[in-house]
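Quick notes on the structure that follows.
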Amino acid sequence: MKNILFPTDLSPAAENAFIYALHLAAKLDATVTTLHVYVKPEVRGAGLPHTLSEFYASYDLEKFENYKDAIPALRDIQEAHGFSGVKVVHLMKPGSKVVSTIVQTAKEEAADMIIMGTTGARGFKEVFLGSIAGEVLENAECPVLAIPEKAEFDGLIDQLAFTTTYKEEEEKALEKVIDIMAPFHPEIHCINVDLAHTEPITHRMDQFKARFGERDNVHFYVLEGNDIKEAITGFLEENKIDVLAMVTHKRNFLAELFNYSRTKMMSYHSRTPVLSIPADIL
């Protein structure tokens, strides 16, 4: 892990996520690259073309000055939490679409992970289909750590939950999670919610467990329940889970239990950070 991309809109939610980014960068000996994307206004009207470049030049300068003024505040957060030794570089880019600019920048910067803040929704009808963080979860080609606005970080990741259907192809995702979080030495709880109350899932769990049985810090569960979110939330609270990890699929990819929409929903309706591992990078 060499580079963490941290998209920021300079909001309180982003500032909270910045603390997570600094902690992980320090543990992983990585650089944090902050990214502020701004969308240029669309200007229409007769007689404007000859002044358009002048207008955009002044607009770019204003945005640059605003972001430049915000950088000392980020440095203050860095120093206040004891991370003055973490290398942080700052980028500002214009983009007609914020999400695509973030995803493209992650590629260009060879980011190993994206860490960004999320804000809460009022109800389950609001799944934030148009939100920045939600769309990044869907489109990023690297792991994304989504930090809820109300998440509180004590600097430790002692307990981590990994949702799984206990299929063989998810082994690589678990290995990725273990690798990313290794410096924190967490207890890792692999969980599945068995809505159908059937034996096959328990059998799959036993086969999955056999392949990771030599790791004392990896544990396996099949949770019974009629509601996925309720079962997972109960497990998170009971076990004081610090991070919830999930494999994310594209929305047109048929997943059995834990698909993209549920991952995104959990990232907005919980105080627990969600680590998404894109299925197509495994």
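Pairs are defined by a Cβ separation below 6 Å, a sequence spacing of at least 6 or placement on different chains, a first member in segment 219-238 that is in contact (Cβ under 8 Å) with a residue 24 or more places away in the chain and closer than 26 Å to Q207 by Cβ, and a second member that is part of a helix (DSSP H, G or I) and hydrophobic (A, V, I, L, M, F, W, C); the pairs so defined are F220/M205; V222/I201; V222/M205; L223/A231; G225/A231.
Restricting the first member to segment 25-36 and to residues that are outside any strand (DSSP E or B), and the second to residues that are of a type in the set (S, T, Y), the beta-carbon pairs closer than 8 Å and six or more apart or on different chains are A25/T31. State whether the residues of segment 179-195 include one that is farther than 30 Å from I4 by Cα and free of Cβ contacts under 8 Å to residues at least 40 places away in the same chain. Yes: one or more hits.
Just to check your reading of the model, which residue among V37, V86 is in contact with a helix residue (DSSP H, G or I) (Cβ under 6 Å, 6 or more places away or on another chain), surrounded by 15 or more Cβ atoms within 10 Å (Cβ to Cβ) and modelled with pLDDT of 90 or more?
Working: V37 fails: modelled with pLDDT of 90 or more.
Selected residue: V86, the only one of V37, V86 that is in contact with a helix residue (DSSP H, G or I) (Cβ under 6 Å, 6 or more places away or on another chain), surrounded by 15 or more Cβ atoms within 10 Å (Cβ to Cβ) and modelled with pLDDT of 90 or more.
Within the set I178, I191, the sole residue that is closer than 27 Å to F18 by Cα, of a type outside the set (K, R) and not assigned by TED's automatic domain parsing to the domain that holds A80 turns out to be I178.
Which of the residues belonging to segment 172-216 are among the β-branched types (V, I, T) and closer than 22 Å to L236 by Cα? Don't jump to the end; show me each part of the working.
Looking only at segment 172-216, we keep the residues that are among the β-branched types (V, I, T), and these are 177-178, 180, 188, 191, 193, 198, 201-202.
V177, I178, I180, I188, I191, V193, I201, T202 - these are the residues of segment 172-216 that are among the β-branched types (V, I, T) and closer than 22 Å to L236 by Cα.
When only residues in segment 183-201 that are in a helix (DSSP H, G or I) and at pLDDT 85 or above count, which is surrounded by the most Cβ atoms within 10 Å (Cβ to Cβ)? Of everything passing the filter in segment 183-201, F184 is surrounded by the most Cβ atoms within 10 Å (Cβ to Cβ). If the requirement is being under 27 Å from S11 (Cβ atoms) and surrounded by 18 or more Cβ atoms within 10 Å (Cβ to Cβ), which of these qualifies: L174, L160, L156? The match here is L160.
If you go through segment 144-167 and pick out every residue that is outside any strand (DSSP E or B) and touching a residue at least 24 places away in the same chain (Cβ under 8 Å), you end up with 13.
A single entry from E135, E171 fulfils the requirement of being over 15 Å from the mean Cα position of the chain (by Cα) and part of a helix (DSSP H, G or I): E171.
The values are calculated or read from the model by the stated rules, or taken from the named source; none is laboratory data. What you are looking at is a predicted structure, and each value in this text was computed from that prediction instead of being measured. So basically every Cβ, Gly included, is an ideal-geometry build from the backbone, and we count neighbours across all protein chains shown.
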